[in-house]
1. Hey, any hits in the range 177-193 for a residue that's of a type in the set (A, V, I, L, M), modelled with pLDDT of 90 or more, farther than 16 Å from Ala44 by Cβ and open to solvent by 50 Å² or more (accessible area, probe 1.4 Å)?
2. Look through the range 312-348, keep the residues that are in a helix (DSSP H, G or I) and free of Cβ contacts under 8 Å to residues at least 40 places away in the same chain, and return whichever of them is nearest to Pro140 (Cα to Cα).
3. Say whether the condition of being of a type in the set (S, T, N, Q), surrounded by fewer than 16 Cβ atoms within 10 Å (Cβ to Cβ) and more than 16 Å from Val162 (Cβ to Cβ) is met by at least one residue in the range 42-58.
4. From Lys203, Lys228, Lys214, which residue is among the charged types (D, E, K, R), open to solvent by 80 Å² or more (accessible area, probe 1.4 Å) and more than 30 Å from Thr437 (Cα to Cα)?
5. Is it the case, given these coordinates, that Tyr34 is at pLDDT 90 or above, part of a helix (DSSP H, G or I) and surrounded by fewer than 18 Cβ atoms within 10 Å (Cβ to Cβ)?
6. Out of Met78, Met40, Met25, which single residue is closer than 30 Å to Asn226 by Cβ, of a type in the set (A, V, I, L, M, F, W, C) and modelled with pLDDT of 90 or more?
7. Do we find that Tyr12 is under 16 Å from Gly155 (Cβ atoms), in contact (Cβ under 8 Å) with a residue 12 or more places away in the chain, among the hydroxyl-bearing types (Ser, Thr, Tyr) and open to solvent by 30 Å² or more (accessible area, probe 1.4 Å) in this structure?
8. Among the residues of the range 269-283, what is the count of those that are outside any strand (DSSP E or B) and either aromatic (Phe, Trp, Tyr) or over 29 Å from Thr212 (Cα atoms) (or both)?
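The values are calculated or read from the model by the stated rules, or taken from the named source; none is laboratory data. Worth saying up front: this structure is predicted, and the values here are computed from it rather than measured. Cβ: placed from backbone, ideal geometry, glycine included. Neighbour counts: every protein chain shown. Ligands, DNA and RNA are excluded from the accessible area calculation, which covers all protein heavy atoms including side chains. Shrake-Rupley method; radii C 1.70, N 1.55, O 1.52, S 1.80 Å.
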Amino acid sequence: AKGGWGAFLNQYDKIYNLLKGYMIMKPGFHMRNYFSAVFMNYLAGVQTSSYREFQTAYWNYQHDRAVEMGLTARAGKMKKALKTRLIFGEASEEHLRILRYMDDEGILGGAQGQIGVEQVMAGGPKANTKLKRALQAMNPFSSRNAPLRISKETGMGVETFVRGVMGFDSLKRGQGIDEAFERVMKFHFDYSDLSDFEQGVVKRVVPFYTWTRKNLPLMIEQIGANPKVFNRYNMVKKNIEGDEPRTSLVPPWIKRQGGIQLPYKYEGENMWILPDLPFKTPIEMLDPFFALDSTNPMDRIEAGISMLSTQLTPLIKGPLEWASNRNYWKGYDFTGKYVQVPTIYTKIPLLMPMLSATGKNPIAEKNQNGIWMMRDKDLHVMAMMLPVFSDMRRLFPTEEKYQQRTLSTWMSWWGGLGLRTNTRDEQERTLQAAVNTAREQRAKEYKRRAAGLKP
């Protein structure tokens, strides 16, 4: 009532936007966005030739505009951009006319896309002097620092391209500007089109809510209207996997993402590819509620709630998983055992001393050999809050469980391929989760018998 809630939300939003920016600050994220958007274009019937035609017309148009405006330096950059993209010919007059029309009507850009709307440059206006801008660019606590700005520009570039291709394709086939706009908004979404409640409440707790909220009904519609596209994925999956039996335990999080077992192994373990395509959304969101492997409605509701909790921001999901001693995404419980803190976290200035000064039972402690130790659930939550260092932990692993999948980690981080290794550690966790589930089931049956009920 005295304005404290508003002040709290202001600080929360700054931390939230900063964390969200770091969560997506990797080449693989933008590559997955690109693959997903190309799939959307495929669903919408965009011609393959439109990609190259749009690219040629776009960069020639940008170059011609710079020349017309007398911007010599920008024209030089556009000339280099043409060569970098191996564009040596001139665009046709018809294609340039379409580009000019798109620009005039405001559908040539990714400002309404996910990155343009959701990666907010919070923390005040852009610095107005060279010194301040340099300091801002190096400040890891500023959402305007150089790595986050580069990530945002990359994301917006990807969205400008794939949205532009669809708009270009629509106009090329004779549709009007309104039809082109509606087509782009249907398959690539307007991320600013939310209610006040969704904008002010839901998005503050679910980072990628807009994507899920708009993609889920679209995929359900397209599965019915365009089933052949989705059936082709199942055909590809079957052809790649063949008749080779699965010789190891497969974690449920791999299954529910439509993983494809590859005929390759790394460190003796099977490799999988988990394409991050839009049709994963209904599988992940609806399967817990409608799965046929359980007839108990309460079990389905519990599984659904666990799934929904994985959508939450780490600022909420972390404490929730810590309090419940459970990793909801991978489906296993924390044991409370002490584990060695990965080297990357011990190198963060002041972090370990701060965690060791947290009362009688500190979060982090050194053992008699001088090695920093933390409980498994404490380390899990800390890793969620430090996404960049968590990536470094996997890319340059000192732990055996991550060393077992170094190749797939690098390929996924850099190329967004969704490559995973079903490591021995994952198999052991899957087995332990199955054992715990069986024990819980036996305990329930015992209680029913004790109450005189049928098991």
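1. No - not one qualifying residue is present in the range 177-193.
2. Restricting to residues being in a helix (DSSP H, G or I) and free of Cβ contacts under 8 Å to residues at least 40 places away in the same chain, the top hit is Thr346.
3. Checking the range 42-58: not a single residue is of a type in the set (S, T, N, Q), surrounded by fewer than 16 Cβ atoms within 10 Å (Cβ to Cβ) and more than 16 Å from Val162 (Cβ to Cβ).
4. Of the residues listed, the single one that is among the charged types (D, E, K, R), open to solvent by 80 Å² or more (accessible area, probe 1.4 Å) and more than 30 Å from Thr437 (Cα to Cα) is Lys228.
5. Yes; evaluated as a whole, the condition is true for this residue.
6. Met40
7. No: the conditions fail for Tyr12.
8. 1
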